[in-house]
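Notes to accompany the following structure.
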Amino acid sequence: METAPHARRGIRGSHPSPALERELALGDDCSIVLLVEALVEHAHHLRASDIHIEPSRTELLVRARVDGVLEPLATCSLRVHGEVLARIKILAGLRTDEHFAAQDGRFRQKHGGRHLDVRVSIVPAYYGENAVLRILSDNHAAFSLESLGFSEHDRSVIEHAIRKTSGMILSTGPTGSGKTTTLYTLIKKLAAPEVSIVTIEDPIEYSIESVEQIQVNARSGLTFANGLRSILRQDPDIIMVGEIRDAETATIAVNTALTGHLLFSTLHTSDAATTLPRLTDMGIDPYLVAATMNIAIGQRLVRKICEACSSERSLTAEEHAWLLRLPLRDTEMDSVKYGQGCDACLGTAYKGRLSISEVLVAETNIRNAILRKASGEEIRRLARENGMTTMLDDGFQKVRDGRTSIEEVLRVVHE
């Protein structure tokens, strides 16, 4: 087994852990058991959310996603690929003799007196099986709307909406935008002995006390739609559906919200405004969407500037010019902060992530727009007139506050 120069140094100059360094140095004679264990531990040390193990024509590449960006972690000989995948399958309770079908599982690894939960996804690819290991952070219990990055205005709107006894609260955005974390945070705020909360998820990422959590199981016929029907017979007050994926689930969810339940869910849309036309596109009658929607939360995750190495600079004339071309409420900005790169941030200039968001409230003019099947663009305009702060505006406010960079906001919002 060999490591490429950048991989031996680790992510942006960080050194592999002694355990990982030792196994990499042994090459093909390394212990596969210790190698897999060391990869997980080192990735966790780097604050990585995922480990990608990908065979190519000549080598086995291991990368880690740190603060949403993939970075090289190690490069190994292809000769250990089969053994590494077999070890991961054994840990996750998957079939070791199956190489041409997707498999999903999870395992737990002890590290430093605590346990790391690791979710495994294996799929067949051109050069062999790819494995992605999601390291489920155990610091979710400390999350709050404030720590996630929601502004004071958006927090106030959300907290008012979740105190209602019925209706829908949808968290929207692409994969990896923090939707599920936001819903978990809201559910934990509402969890109490006098409230019955039931969730159906795929997969269950974290355990929440006083909440009944159900795992989707397609093999046994327990889908989101069927599970939601069953949940209604469990006498819940609040229901969380991990994701509205199809018209059947959307129909049951809307009718559930209409009959005296507060329902939380996620939906894959580009922003909060397009959530409403998306539901009607799924076959839901506009009057049902208008009657049940409370708020739609659109969000993305941006990297935070490392506080240990942050500095300040003035904006150039060119940067001022293109700021004026962006659809911002406030284009005033004289200086910005940036990270220089240090040991604390592994040389990346960023450490941690926070949310940039927009919260659309279904006020009367929005409901009327839904009824006449208005476009997402018109709903967005009406929401801004009602005082909604767009993701772009929220992102640039965080730039002014010195929490993130212009480049990060534009990278995730794609304006």
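The values are calculated or read from the model by the stated rules, or taken from the named source; none is laboratory data. Since this is a predicted model, take the numbers as computed values, not measurements. Here Cβ is always computed from backbone atoms with ideal geometry, including for glycine, and neighbour counts include all displayed protein chains. Ligands, DNA and RNA are stripped out before the accessible areas are found, and what is left, the full protein with its side chains, is counted by its heavy atoms. Shrake-Rupley method; radii C 1.70, N 1.55, O 1.52, S 1.80 Å.
Would you please name the residue that is most open to solvent (accessible area, probe 1.4 Å), looking only at residues in the stretch 97-119 that are within 14 Å of Leu39 (Cα to Cα) and touching a helix residue (DSSP H, G or I) at 6+ places or on another chain (Cβ under 8 Å)?
His111
On the basis of being touching a residue at least 60 places away in the same chain (Cβ under 8 Å), within 22 Å of Ile158 (Cβ to Cβ) and open to solvent by 10 Å² or more (accessible area, probe 1.4 Å), does Thr389 make the cut?
It is true that Thr389 is touching a residue at least 60 places away in the same chain (Cβ under 8 Å), within 22 Å of Ile158 (Cβ to Cβ) and open to solvent by 10 Å² or more (accessible area, probe 1.4 Å).
If I ask for residues that are touching a Leu at 6+ places or on another chain (Cβ under 6 Å) and either at pLDDT below 85 or on the phi > 0 side of the Ramachandran plot (or both), which ones from the stretch 2-43 would you list?
Thr3, Ile11, Arg12, Ser14, Glu23
Out of the stretch 30-74, which residues are more than 21 Å from the chain's Cα centre (by Cα), open to solvent by 10 Å² or more (accessible area, probe 1.4 Å) and among the β-branched types (Val, Ile, Thr)?
Ile32, Val33, Thr58
Of all residues in the stretch 236-293, which are in contact with a strand residue (DSSP E or B) (Cβ under 8 Å, 6 or more places away or on another chain), of a type in the set (S, T, N, Q) and without any contact (Cβ under 8 Å) to a residue 60 or more places away in the chain?
Once the filter is applied, which keeps residues that are in contact with a strand residue (DSSP E or B) (Cβ under 8 Å, 6 or more places away or on another chain), of a type in the set (S, T, N, Q) and without any contact (Cβ under 8 Å) to a residue 60 or more places away in the chain, the stretch 236-293 yields Thr249, Thr256.
What do you reckon, is His81 part of a helix (DSSP H, G or I) and in contact with a Pro (Cβ under 6 Å, 6 or more places away or on another chain)?
yes
For residues that are assigned to a helix (DSSP H, G or I) and open to solvent by less than 20 Å² (accessible area, probe 1.4 Å), scanning just the stretch 227-244, find the one that is farthest from Asn294 (Cα to Cα).
Gly227
Within the stretch 57-70, can you find the residues that are in contact with a Leu (Cβ under 8 Å, 6 or more places away or on another chain) and either in a loop (DSSP other than H, G, I, E, B) or within 17 Å of Thr348 (Cβ to Cβ) (or both)?
Thr58, Glu59, Arg63, Ala64, Val66, Gly68, listed by residue number.
Considering only the stretch 336-391, state which residues are touching a strand residue (DSSP E or B) at 6+ places or on another chain (Cβ under 6 Å) and over 30 Å from Gly402 (Cα atoms).
Matches in the stretch 336-391: Ala362 only.
Look at the stretch 245-283 and say how many of its residues are assigned to a loop (DSSP other than H, G, I, E, B) and open to solvent by less than 10 Å² (accessible area, probe 1.4 Å).
Looking only at that region, the number is 2.
Restricting to the stretch 400-411, name every residue that is crowded, with 22+ Cβ neighbours inside 10 Å and part of a helix (DSSP H, G or I).
The answer is Glu408, Val409.
Report, ordered by the first and then the second residue, all pairs with beta carbons closer than 9 Å, sequence separation of six or more or different chains, a first member in the stretch 151-165 that is under 14 Å from Ala362 (Cβ atoms), and a second member that is part of a loop (DSSP other than H, G, I, E, B).
Correct list of pairs: Val157/Met388; Ile158/Phe150.
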